[in-house]
Structure formats: C-alpha cells, structure tokens
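Visitor: Right, I'll just put the structure down here and ask away after.
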Amino acid sequence: MADMTQCDSGEIFLAVEKPSRYTGGEINTIKKEDSASLLHFALAFPDAYEVGMSHLGLQILYSILNNLPEVACERVYAPWPDMEKELRQRRLPLCSLETQRPLAAFDIVGFSIQYELSYTNVLMMLELGGIPLHREDRGERHPLVIAGGPSAFNPAPLSSFIDAFVIGEGEEAVTEIASSVLAIRNRGGKRRDRIEALAGIAGVYVPGIHTRGERIAKRIITDLDAWRVPLCPIVPLMKTIHDRVTLEIARGCTRGCRFCQAGMVWRPVRERTPVILEEMAEAMLRATGHDELSLLSLSSGDYTLIEPLLKTLMDRYYARRVALALPSLRVETLTPMLIEEIRRVRKTSFTLAPEAGTQRLRNIINKGNTEEELLTTTARVFTAGWRAVKLYFMLGLPGEREEDLEGIADLAYKTLQTAQNRGQVTVSLSTFVPKPHTPFQWQRQIGIEETYSRHEFFRRRLKNRNISVKWHDARMSLLEGIISRGGEEIGTLIETAFHLGCRFDGWSDRFRFDLWEEAIRQTGIDPESYLRERPLTEAFPWERIESGLTREFLFSEAIKAEKGEPTPDCRTGACSNCGVCDHRTIHNVIAPADAPVGTFVIRHAGRGNEGGLEKSLRIRFTKLGPARFLSHLELSTALSRALSLTGITFVYSQGYHPHPKISFAGATSVGMESRGEFVDLRIHDPHEDLGLLTARINAVLPAGVTIATMRELNPRAFSLAELVVGFTYDLILPGDEDDGELDRIEAKIGAFLRTEKFCVTRKTNQKSVIKEIRSFVTDLALERTGRRILLSARFGPEGTVRPAEVLTGVLDLSQEAVHRIRIVKSGTLLADFADRADQQIFFQE
C-alpha cells in the first residue's frame, strides 16, 4: 500500500461506527508547528482507541517526549475493522490523531505491546501505515519501528518485524532513543547508523545487531518521585474503558505470586511519597475535569500509607463529587477503614482474586492469603452495603487436583453465605498461562478440552440463582500460551494469521479461531509442543533478556512450589535473593511511615460556591467542523468537563443516584453540524461576569464547539422542552450536480409536498420499523443558487424526521451520496407562545 494518498479526514469518518476514535482534538493534546528540525515520534497502541487511551504508560511517554522541544510526539491507535476497510478501499494511509500525519512519515514508530493477542494488529498498523512488515525490507525512507511493554520480555515472536525492543521501564530510555536518532539524522547518518546507535543504549535489544547471545538487562526507574508525569493527561472525547485520572502510587510488587509475570518483572517496589501524590492528583484533576481518581499499583492496599492517603483524598474531593477507585486490592489488605472509605463513593460490585480454591494450592502459587481472610472481607463488604462480589480464579494451576475445583465451588457458596444470601456472587475463571520470567515458566499449560471439562464441572456444581459463572475463552488462552513462550518461528504463525484476516484477537466478537487454526495448519505449528512442560535444562527463546531475576531464584521458587512452601514478602521479611536489587541504587523504596500526609496546600480557588446561591443558565453553542463527528453523549460530556475545568460546580438531583441538573434541546446526530445547540443547567453561583466565564469555558472546549451566548434564567422561565418544537436545516450539496440532477431533486420535493403521507424504513436497535414522516415536515425547498436544500421539521412526543431520511427516502439518494452532503442545523422553531423579542433573538441570533 505504498502508493496510498495522503490522509483525508472528511467523509471517511461518516462511514465508520465511532468517528471520535480518529478525529483527535482532545483536551491537552499537543500539536507542534512542523519543522524540518523536529524529530517525529509516533506512539502506536495496537488496540482500539478506547483501550489505548486508558493505558497510563502511553500518557507518560507522550508527556515526556513532548516536553522535549526538539521532538513532536503524536498518537495512533489500531483502526477498528470498519475503518480498516475504508482506508484500504480509499487507498488512504493510517495517520496520527494530532496532525493526520501518515505513519510512514514519522522518524520513529513506537509500539506498546501489552498482550500477545494484539500482535496481528501490530502488523495491520504497519501495513496500513505504508511500512514494510519485515525489518529487513525497510529502507532509508522508512521509520524505525520499536516496541516496549510487558510482552517485550519475550521479543522473539515479533523479532522479524521490530527494529528494536525497549526492555523494562521506558521513561529514561525513550528520551535517550529520541536524542540519539535525532543527532544521527542531523549529521546525515544512514538507517544502519541509527539502528547501531539504538543497540548501544542500555536496555534496548536490537535483533539485527545483537546476534551473538548478548544479554540485555531491563531498565529501572529508581525514583518515581522524580517523574511527576503526566500532570496534564489527554482527556478523550469518547467513552473509554477507564474514563478517569490514573495516579500511579507505586510500581513493582514483591508479594511473589509465582504465576504473576508483572509481579516478577517489574520488581523492586518503589512508592511515591504522599505529598507528591497529593500534588499530582490535584494537578491532574484540574487539568482534565475528570470526576474519578484511580490509585494505581499492582497491589494498591500494600502502599505503606494507604489508609491516611485514601482518607485525605476522600475528604478533599468528596465535596467536589470526585470518586476514588482502588483497582488492585488483595484480600488481606482490605481493612475495615479502607472498606468504609471506599463505600462513600462506590457501591456497585467488589472484586477480589483468591486465584485458587484451597489453601494447599494457594501455598503452591504463593498467593499469601487465607480462606478466613477472604470470608471476613466479603462479610465486611456486604455489611457495608455492597450487593455484588466478583471472585477471580485460575484453572490448570501447577499441582491442581479435583479437590481444588471443589474448593472454588465451596468458596463461592461460603461467600454467598456471608451476604446472608441477599447478595450476588460472580465466579470468573481463566486458564493459567505459564509466562516467561516466572517460577512457572517450565510448567505445562492445560489444553482446550481440559479447560472445557473444568467448565462443565462448574456448570453442574454451581447451580444457584445468586451465583453466576463466567470464563475466559479457552481458545484465546491457548494462543496466548503458544505466543508468549514461542520463539522466532511464531512470527510466521502471526503473519499467516494476519494475512488470513485475524484482527483484534482479544475481542470475543472479533476473534476468529477458525482462521488461527488454518494458520496453525499452514505453518505446521504443533500447539502441544508449546504447551508442554519444559525440562529445567531447556534454553528459552527469551533467555537473552534479563528481567533482573536470576535463573537460580526462579528455579528455587519452582522447587518450593512443588513442596507447597511459601516465600515471604521481602518488604517485611528477609531478602529473597531474587537478583533484582544491587542494594545501592536499585532496591525497594518505601514511603516513610512518618511521612506527612494531608499537608499539601491547594493554592487555587475552590470549585464554585457549593454552599451558596444557585443559578440557572441557558447556553447557546455551536457544533461545527470536526465537532460534527461527536455523538450527543460525547458532546454533552465535553461540555460538562469544560464547565468543571473552569471551576463551575453543578447542582445535583437528590436520591440514590444523583445527577447534575442539565438538559439539552434534543440530540444532534453524528455527522451533523449545528449553528445553534441549547442547554439549560443549574450551577452554584460562580460570582463571575458571564462574558468572562464564557471566554474561559470556550478555551477548553473541543474545536468546533463554541458558546455563543450565555444568559441567566429566572425561576419562571419556560423549559427548553416547552419552547423548542423543531429545527431548520441546510442540506448543502457537494456542488458537482448538473441541472438534470437538480431538476430531479426539485421534482421529488414537489411530489413529497403534495402528498399527505410518506413512509420510510427506519432502523432502530437492529430492527426495521415503518415511520410516517410527512406530518413532521413543515417546509422543504431547493435553493439552486446556494446549492442547498432547506428543510424545516417539527418534533413532538411521537418523534420527528431525520434529515438523512429526507435525503434517502424522499430524494432517493444513496448512502454514499448522503455522506458527501453537509447537513447543518441552522435554526430553531419555537412554540407559538414564545413571541417575546428576547426569546427570538436568543434562539435565532
């Protein structure tokens, strides 16, 4: 696809399901003025936008790189299949969000590889970007392709496609990579010179250079407090998986769960000090307008000062309606105080991970908690008001017996009893995958049929309407096991699956196991040879990568697992001699027990005046240009966040689920522009001139959304629902219609206006219904000079007509033709009683 044309951001967005995945323009994005001296760096995430935007690592690197004046860093995410189809049909390249720069036009493309089942997406993005898949086929005009993340700890399966892998933590390494490549480019160096320079950077593995068994040690950030990023994270316009501020309170884990790759490879533990965390939390909340703050760590409850920190943040942000989340909590760290603080803002479901059903098996995997601790915790959770608990378990763990499966079922029933049979328990089951750099890397992974037999056991055993069972797709686990412990030959399997059509393999609705089976058949791969138990003498494909853990430590942990012997956490016990720490610069960093908490002083004015007067406002705003691709929910969220960013506090409704008092005059569909959208809202009086307030809000709204007028309402004002009875539209034609086509359109309009009834087929929720639309149209005309169709349509309890229905149903235009027509909501139809001049001026100006 090297002959693709430049990116086009027009009608292609109207042809896909979620245009806001690709439009960019989010709050806190950075666009640098293009210059020949800039190094162009693309951060690529091989999954959908809503997944990638929830990933903290990408936000960290984006901030670090764009803080370098000589680097312009932009983002690109895997296009959903509908967008991939459009790009291929139109011969358009995959482009960045910030400037629509083609992927092949960057100096460096850096992939974040979090999960083995995203590897086919890596190849898809390279191909769509006009970059040869194989590194040997790339020339001087192609970017360097690098990759990092947890999956890089076994780089072998992707080594044919990636020029260089960053092993370990990337904050320092990515800066060194950018500086090195820029320096060589500026002095006229060749592609080979740049690749050789990367090979000289600590923690970077270059397959084309490191061919003699060189060992590559991971990079470690020794002081998290020194890296206070990101303080201004990008705020997505669409709903993402984790739509919140993510604050990393600590990195690494020394609990020593023997199945957990993350706990092994991200050692040692490094905690941020509370005052730094408080400063970062405030900065990020003020920069984003988010209403949720997540305290991130591999085990949040292990943070030394978690109780005073959580209480401080709760007390500070509860009145601002900012919720706190602790996504990674171990059973034994859930104290009554933590539960009490969490219940102040969230009481949906509570997630715990016993992992195994018996104490014997928990000792084997070194889980470190007991059944008594689990049941004590769930009793407290249900007593505190939660009605649902999720329990995560793994199937096929080393040493598993039937009694362990019975143990899972027994735990589910006992957990339900702690709710006094008034709660809901969900048992979530996944297949154990032995991962590299863990004590279980030698172990066998059970096959699909073995997993299915265990699923059947739980179908029979867990029959209670208050207990539900869910499981991860065993076929996905099979592929994850093959790829994660595979060598360079697995690259051929991945490429074959890609060419057969595999994409988004981690998404159940996109997963095509039949195509993977065909790829396995074509490549001659024997799955069992990858699932098998490995002898202790076997050399692994990832042997050259040093995670810091010695082979002797992993082997000793494997032996202890066979004996069911636990290994204490080295944070509180003796050093386990894992090999990570040098006890000089690399060691566990624990926040001092006497570190001050709650001393950070907020030097900004508070949000609004929540205990004071209330004020009702009516706002008129535009939705033009790129904003036309926002859905109504995305538009309302962007407006609400902009108001929050300026310090405005909404008045909330009463009840169990309070919501801000805000109402819109109808919803404008995706693809439609508007010169006048209207919203009523009730806020706490900001004591500020409305003109100045309008300017501040406009400064943080997405491009194309601008508040034109804001006025205060008196208590007796009519609501928007009472005032607005319809809208007028300009349907602007492309301009290439001949007179014959215009005559045909005019004739169609005349015939429509002469009829009393006109029905179209409307699709709603995957169903088709017949809708009569003539009664909603108050006027329809063709303006030849302006090459536009003027539509006036009313609405009411029975609905309204959609402009697209007029174009396709009345004028008999194709969907492709409709995508070329600019639909603009141009005016408002008011109720007959709204005849006061100021009402007319506000709605029509």
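The values are calculated or read from the model by the stated rules, or taken from the named source; none is laboratory data. Remember, predicted model here, so these are calculated numbers, not experimental data. Backbone-built Cβ (ideal geometry, glycine too); neighbour counts: all protein chains shown. Accessible surface areas use protein heavy atoms only, side chains included; no ligands, DNA or RNA. Shrake-Rupley method; radii C 1.70, N 1.55, O 1.52, S 1.80 Å.
Visitor: Give me a count of the residues in region 317-330 that are under 18 Å from residue 600 (Cα atoms) and surrounded by fewer than 17 Cβ atoms within 10 Å (Cβ to Cβ).
Guide: Result for region 317-330: 3.
Visitor: If residue 420 satisfies every condition in (1) in contact (Cβ under 8 Å) with a residue 40 or more places away in the chain; (2) open to solvent by 10 Å² or more (accessible area, probe 1.4 Å) but one, which is the exception?
Guide: Unmet condition: (1).
Visitor: Can I ask one more? Is region 122-143 home to any residue that is modelled with pLDDT of 95 or more, crowded, with 22+ Cβ neighbours inside 10 Å and of a type in the set (Asp, Glu)?
Guide: no
Visitor: Starting from region 16-44, keep only residues that are over 24 Å from residue 114 (Cβ atoms), then list their pairs with residues that are in a loop (DSSP other than H, G, I, E, B) and open to solvent by less than 30 Å² (accessible area, probe 1.4 Å) whose Cβ atoms are within a distance under 6 Å, requiring at least 6 positions of separation or different chains.
Guide: If the second residue must be in a loop (DSSP other than H, G, I, E, B) and open to solvent by less than 30 Å² (accessible area, probe 1.4 Å), the pairs left are 25/702; 31/98; 39/107.
Visitor: Could you tell me which numbered condition residue 741 fails, if it satisfies all but one of (1) assigned to a loop (DSSP other than H, G, I, E, B); (2) of a type in the set (Asp, Glu); (3) at pLDDT 90 or above?
Guide: The single condition residue 741 does not satisfy is (1).
Visitor: Same structure again: All but one of (1) within 25 Å of residue 800 (Cβ to Cβ); (2) in a loop (DSSP other than H, G, I, E, B) hold for residue 634; which doesn't?
Guide: Unmet condition: (2).
Visitor: When you scan region 400-431, how many residues do you find that are out of contact with any helix residue (DSSP H, G or I) (no Cβ under 8 Å at 6 or more places or on another chain) and under 23 Å from residue 506 (Cα atoms)?
Guide: Residues meeting the conditions: 2.
Visitor: For the list (1) more than 30 Å from residue 156 (Cα to Cα); (2) touching a strand residue (DSSP E or B) at 6+ places or on another chain (Cβ under 9 Å); (3) open to solvent by 30 Å² or more (accessible area, probe 1.4 Å), I need the number of the one condition that residue 388 fails.
Guide: Evaluating residue 388 over (1) more than 30 Å from residue 156 (Cα to Cα); (2) touching a strand residue (DSSP E or B) at 6+ places or on another chain (Cβ under 9 Å); (3) open to solvent by 30 Å² or more (accessible area, probe 1.4 Å) leaves (3) as the failure.
Visitor: Looking for whichever is in contact with a strand residue (DSSP E or B) (Cβ under 8 Å, 6 or more places away or on another chain) and either surrounded by fewer than 11 Cβ atoms within 10 Å (Cβ to Cβ) or of a type outside the set (Gly, Ala, Ser) (or both) here; the options are 711, 744. Which one fits?
Guide: Of the residues listed, the single one that is in contact with a strand residue (DSSP E or B) (Cβ under 8 Å, 6 or more places away or on another chain) and either surrounded by fewer than 11 Cβ atoms within 10 Å (Cβ to Cβ) or of a type outside the set (Gly, Ala, Ser) (or both) is 711.
Visitor: For region 295-316, what are the residues that are free of Cβ contacts under 8 Å to residues at least 60 places away in the same chain, surrounded by fewer than 21 Cβ atoms within 10 Å (Cβ to Cβ) and under 24 Å from the mean Cα position of the chain (by Cα)?
Guide: Within region 295-316, 298, 301 meet the criteria.
Visitor: Can you tell me which condition residue 668 does not meet? The list is (1) surrounded by 15 or more Cβ atoms within 10 Å (Cβ to Cβ); (2) among the hydroxyl-bearing types (Ser, Thr, Tyr); (3) under 30 Å from the mean Cα position of the chain (by Cα); (4) not in a loop (DSSP other than H, G, I, E, B), and all the others hold.
Guide: Just one mismatch for residue 668, condition (4).
Visitor: Residue 781 - would you say it is over 29 Å from residue 625 (Cα atoms), open to solvent by less than 60 Å² (accessible area, probe 1.4 Å) and among the small types (Gly, Ala, Ser)?
Guide: Numbers: over 29 Å from residue 625 (Cα atoms): no; open to solvent by less than 60 Å² (accessible area, probe 1.4 Å): yes; among the small types (Gly, Ala, Ser): yes.
So residue 781 does not fit the description; no.
Visitor: When you go through (1) within 27 Å of residue 238 (Cβ to Cβ); (2) in a helix (DSSP H, G or I) one by one for residue 293, which number turns out not to apply?
Guide: (2)
Visitor: Considering only residues that are aliphatic (A, V, I, L, M) and at pLDDT 95 or above, look in region 551-577 and name the one that is nearest to residue 366 (Cα to Cα). Quick ask: steps written out before the conclusion?
Guide: Quick first cut of region 551-577, residues aliphatic (A, V, I, L, M) only: 554, 558-559, 561, 574.
Okay, now just the ones that are also at pLDDT 95 or above, so 554, 558-559, 561.
Details: 554: 13, 558: 11, 559: 12, 561: 8 Å.
So, considering only residues that are aliphatic (A, V, I, L, M) and at pLDDT 95 or above, the one nearest to residue 366 (Cα to Cα) is 561.
Visitor: Hand me the list of helices (runs of 4 or more DSSP H) wholly inside region 435-547 holding 3 or more residues that are surrounded by fewer than 16 Cβ atoms within 10 Å (Cβ to Cβ) and hydrophobic (A, V, I, L, M, F, W, C). Spell out the reasoning first.
Guide: On the way: elements: 448-461, 474-484, 490-500, 513-523, 527-531.
In region 435-547, there are no helices (runs of 4 or more DSSP H) which contain 3 or more residues that are surrounded by fewer than 16 Cβ atoms within 10 Å (Cβ to Cβ) and hydrophobic (A, V, I, L, M, F, W, C).
Visitor: Now for a separate question. Being in contact (Cβ under 8 Å) with a residue 24 or more places away in the chain and either within 30 Å of residue 211 (Cβ to Cβ) or touching a strand residue (DSSP E or B) at 6+ places or on another chain (Cβ under 9 Å) (or both) is the requirement here; does residue 506 meet it? Break it down into steps so the answer makes sense when it comes.
Guide: Working: in contact (Cβ under 8 Å) with a residue 24 or more places away in the chain: yes; either within 30 Å of residue 211 (Cβ to Cβ) or touching a strand residue (DSSP E or B) at 6+ places or on another chain (Cβ under 9 Å) (or both): no.
It is false that residue 506 is in contact (Cβ under 8 Å) with a residue 24 or more places away in the chain and either within 30 Å of residue 211 (Cβ to Cβ) or touching a strand residue (DSSP E or B) at 6+ places or on another chain (Cβ under 9 Å) (or both).
Visitor: A further question on this structure: Let me confirm something: among 258, 267, which residue is modelled with pLDDT of 95 or more, in contact with a Cys (Cβ under 8 Å, 6 or more places away or on another chain), of a type in the set (Lys, Arg) and under 30 Å from residue 363 (Cα atoms)? Step through it out loud before you land on a result.
Guide: Details: 258 fails: in contact with a Cys (Cβ under 8 Å, 6 or more places away or on another chain).
Testing whether each residue is modelled with pLDDT of 95 or more, in contact with a Cys (Cβ under 8 Å, 6 or more places away or on another chain), of a type in the set (Lys, Arg) and under 30 Å from residue 363 (Cα atoms) leaves just 267.
Visitor: Open to solvent by 30 Å² or more (accessible area, probe 1.4 Å) and within 30 Å of residue 240 (Cβ to Cβ): which single residue out of 624, 639, 630 fits that description? Show your work before the answer.
Guide: Values: 639 fails: open to solvent by 30 Å² or more (accessible area, probe 1.4 Å); 630 fails: open to solvent by 30 Å² or more (accessible area, probe 1.4 Å).
From the options 624, 639, 630, the qualifying one is 624.
Visitor: So residue 835 passes all but one of these: (1) at pLDDT 95 or above; (2) loosely packed, with under 13 Cβ neighbours inside 10 Å; (3) within 27 Å of residue 622 (Cα to Cα). Which condition number does it fail?
Guide: Of the numbered conditions (1) at pLDDT 95 or above; (2) loosely packed, with under 13 Cβ neighbours inside 10 Å; (3) within 27 Å of residue 622 (Cα to Cα), the odd one out for residue 835 is (1).
Visitor: For residue 287, only one of the following conditions fails: (1) farther than 30 Å from residue 157 by Cβ; (2) assigned to a loop (DSSP other than H, G, I, E, B); (3) open to solvent by 10 Å² or more (accessible area, probe 1.4 Å). What is its number?
Guide: (2)
Visitor: Give 178, 164, 217 a once-over and let me know the one that is of a type in the set (Gly, Ala, Ser), open to solvent by less than 20 Å² (accessible area, probe 1.4 Å), under 26 Å from residue 435 (Cα atoms) and modelled with pLDDT of 95 or more.
Guide: Values: 178 fails: under 26 Å from residue 435 (Cα atoms); 217 fails: open to solvent by less than 20 Å² (accessible area, probe 1.4 Å).
Unique residue meeting the criteria: 164.
Visitor: Of all residues in region 686-716, how many are under 23 Å from residue 28 (Cα atoms) and part of a loop (DSSP other than H, G, I, E, B)?
Guide: 8
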